[in-house]
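Here is the structure we will look at, set down as structure tokens.
The values are calculated or read from the model by the stated rules, or taken from the named source; none is laboratory data. Small disclaimer: the values here were computed from a predicted structure and weren't measured. Neighbour counts run over all protein chains shown; Cβ positions are idealised from the backbone, glycine included.
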Amino acid sequence: MLSEQSAATVRATLPAVGASLDEITERFYAGMFAARPELLRDLFNRGNQAAGTQRRALAGSIAAFATHLLDHPDQRPDAMLERIAHKHASLGIAPDQYAIVHEHLFAAVAGVLGEAVTPEVAAAWDEVYWLMANALIAVEKRLYEERGGREWRSWEVVERITETADVVTFRLRPVDGGPVRGFRAGQYVSVRVALEDGARQIRQYSLSGAPGPDVRQFSVKRVRDDSAPEGEVSGHLHARVRVGDVLELSEAYGDLVVDADADTPLLLASAGIGVTPIIAMLADLADAGHRAPVTVVHGDRSPADHALRADHEAYAAKLPDPTVRFWYEQDAPEGAGTGYVDLTDVPVAPGTHAYLCGPLPFMRTVREQLIGKGVAPADIHYEVFGPDLWLAK
Ligand SMILES: Cc1cc2nc3c(=O)[nH]c(=O)nc-3n(C[C@H](O)[C@H](O)[C@H](O)COP(=O)(O)OP(=O)(O)OC[C@H]3O[C@@H](n4cnc5c(N)ncnc54)[C@H](O)[C@@H]3O)c2cc1C
Ligand code: HEM
């Protein structure tokens with residue numbers, strides 16, 4: 001835990017650090033990528049860097065960690081550390097890379113805050129950084145050990161299924177013919193692709209099939225709209241990757257997994273491509289014979305855009321006590337709602353655990369409605385298909 005002396009210094013300087021987070025972030029990445037261009041080309045998501053909107057996750061989480069240390073000196077924010085460590089491990093982050101981030105982050109802090117960074121201030125924040133870094137390194141070490149290392153593995157595409165106009169499912173088998181390690185429903189893999197300009201970019205995709213079989217399956221929505229450049233990796237996977245092609249995948253990671261016994265009522269809510277981890281969860285629950293009621297809620301643009309809809313319905317129908325409610329912005333068939341997901345008329349059993357995946361505004365609304373219906377905030381779990389900025393709050 002933080003020493004008393006450092007705690008006082010961090011408390012005194014936290015407001016200044018918080019207020020300058022954007023500027024610190026800007027300098028940090030500029031300095032690090034100038035010194036280490038390969039990190040931007042082959043490790044960090046250059047789409048997020050270019051869009052600029054989601055860059056403060058890293059520095060923001062250190063400020064959030066510092067706040068936590070000050071407010072709850074006897075507890076470690078394990079949930080936050082686990083989530084980051086799973087993401088890092090899926091990317092293959094190694095312990096020695098923490099010194100690189102440290103160097104450039106602290107140069108940025110000194111550059112932005114100037115003389116306010118006395119040796120005492122630098123030492124106090126150093127302590128915060130290494131407390132967090134060492135905690136992450138320890139979790140990542142455990143995750144790598146559980147999966148037999150941090151190497152990328154080559155997988156051949158054995159099937160490619162067009163789900164909707166924008167979504168394709170890939171099924172893959174290991175090129176080495178070796179065994180496929182199990183995973184927990186709700187987890188994702190990182191996929192690393194070589195792009196035309198020589199860069200290797202990495203993105204995460206939730207496994208969208210039942211755990212167990214000897215294939216990996218994930219489903220990719222092509223990211224494109226007229227107002228911004230097309231998504232690099234989703235565009236590449238859609239336009240270029242066919243049966244017989246080989247992709248590099250990490251093992252499965254992710255902390256959005258159902259941790260409830262068979263008698264706990266569940267609510268699984270998704271919107272758009274956020275359906276992918278929910279499909280794996282439903283398949284798993286059906287397999288495991290989940291006894292308690294399961295409410296399945298989904299929102300999409302239209303039935304034709306609802307990827308994996310047949311699986312969504314079929315797995316839910318295998319459960320003993322399911323309730324299925326879908327909403328569509330357009331072309332809603334009979335029995336489905338028109339517009340966005342709205343839980344007002346959906347009964348939620350006491351003690352329900354909820355699992356959410358979809359765009360942030362969707363998850364905010366559902367979360368508020370669930371809390372209004374008596375669901376404990378601690379029992380609401382979520383996955384964000386991008387840097388988790390909820391962590392940095
Ligand atoms: C845990 C997790 C699970 C996920 N599971 C799935 C899944 O199951 N299925 C799925 O489809 N996706 C999933 N995702 C999302 C996926 O990882 C990718 O983020 C998604 O495919 C987009 O990647 P991309 O390379 O196509 O887009 P990127 O190239 O990363 O672009 C992202 C956004 O940035 C914008 N952008 C890029 N460059 C600029 C610029 N210069 N100026 C302004 N804007 C710019 C793009 O227009 C786009 O909107 C998941 C993400 C996470 C974190
Ligand atoms: C104490 C140090 C660090 C902290 C606090 C930290 C924090 C974070 C956070 C909060 C995220 C977003 C997680 C999510 O959305 O789920 C993230 C993602 C990421 N981190 Fe770290 N990180 C640290 C060190 C490192 C190091 C050493 C590297 C490697 C050089 C690294 C590389 C990445 C990458 C590549 C991502 C994915 C986001 C992207 O591609 O833009 N991080 N980190």
Restricting attention to the stretch 364-385, and to residues there that are modelled with pLDDT of 95 or more and of a type in the set (A, V, I, L, M), which single residue is farthest from Gly299 (Cα to Cα)? Ala376
Residues of the stretch 183-200 being under 19 Å from the mean Cα position of the chain (by Cα) and surrounded by fewer than 20 Cβ atoms within 10 Å (Cβ to Cβ), which ones? Arg184, Arg192, Val193
Give the residue, chosen from Thr338, Thr344, Thr264, Thr276, that is in contact with a Leu (Cβ under 9 Å, 6 or more places away or on another chain) and hydroxyl-bearing (Ser, Thr, Tyr). Thr276
Do we find a residue being more than 10 Å from ligand 2 (Cβ to nearest atom), within 30 Å of Pro377 (Cα to Cα) and assigned to a loop (DSSP other than H, G, I, E, B) anywhere in the stretch 11-28? no
Scanning for something over 14 Å from Phe170 (Cβ atoms) and crowded, with 19+ Cβ neighbours inside 10 Å, does the stretch 235-247 turn up at least one residue? no
Kindly check whether there is at least one residue in the stretch 111-132 that is more than 16 Å from ligand 2 (Cβ to nearest atom) and within 17 Å of Met32 (Cβ to Cβ). yes
Considering the stretch 239-276 alone, what residues qualify as being within 16 Å of ligand 1 (Cβ to nearest atom), over 21 Å from the mean Cα position of the chain (by Cα) and of a type outside the set (Lys, Arg)? Ala239, Val241
Any residue at all in the stretch 38-53 that's assigned to a helix (DSSP H, G or I), more than 11 Å from ligand 2 (Cβ to nearest atom) and at pLDDT 95 or above? yes
Name the residues in the stretch 156-170 that are within 26 Å of Ser302 (Cβ to Cβ), in a strand (DSSP E or B) and touching a residue at least 12 places away in the same chain (Cβ under 8 Å), would you? Glu159, Arg160, Val167, Val168, Thr169, Phe170
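Yes/no matrix, rows are residues, columns are (1) more than 30 Å from Leu249 (Cβ to Cβ); (2) in contact with a Ser or Thr (Cβ under 9 Å, 6 or more places away or on another chain):
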| site | (1), (2) |
| --- | --- |
| Leu21 | yes, no |
| Tyr29 | no, no |
| Met32 | no, no |
| Gln49 | no, no |
| Glu82 | no, no |
| Ala85 | no, no |
| Leu91 | no, yes |
| Ala107 | yes, no |
| Ala116 | yes, yes |
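Residue-wise test of (1) loosely packed, with under 13 Cβ neighbours inside 10 Å; (2) without any contact (Cβ under 8 Å) to a residue 60 or more places away in the chain; (3) closer than 24 Å to Tyr205 by Cα.
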position	(1), (2), (3)
Gly337	no, yes, no
Gly351	no, no, no
Val366	no, no, yes
Ile371	no, yes, no
Out of all the residues in the stretch 59-80, which are buried (at least 18 other Cβ atoms within 10 Å of the Cβ), more than 9 Å from ligand 2 (Cβ to nearest atom) and more than 17 Å from Ala123 (Cα to Cα)? Pro77
Which one is nearest to ligand 2 (Cβ to nearest atom), of the residues in the stretch 208-244 that are over 24 Å from Gly47 (Cα atoms) and charged (D, E, K, R)? Arg216
Looking at the stretch 214-236, which of its residues are near ligand 1 (Cβ under 8 Å from one of its atoms), among the hydrophobic types (A, V, I, L, M, F, W, C) and in contact with a strand residue (DSSP E or B) (Cβ under 6 Å, 6 or more places away or on another chain)? Phe218, Val220, Val233
For the stretch 187-215, enumerate the residues that are under 14 Å from Arg171 (Cβ atoms) and modelled with pLDDT of 95 or more. Val189, Val191, Tyr205, Leu207, Ser208
Of the residues that make up the stretch 290-305, is at least one closer than 20 Å to Pro211 by Cβ and not in a loop (DSSP other than H, G, I, E, B)? yes
Filter result for Ala34 (surrounded by fewer than 17 Cβ atoms within 10 Å (Cβ to Cβ), in a helix (DSSP H, G or I) and within 16 Å of ligand 1 (Cβ to nearest atom)): no
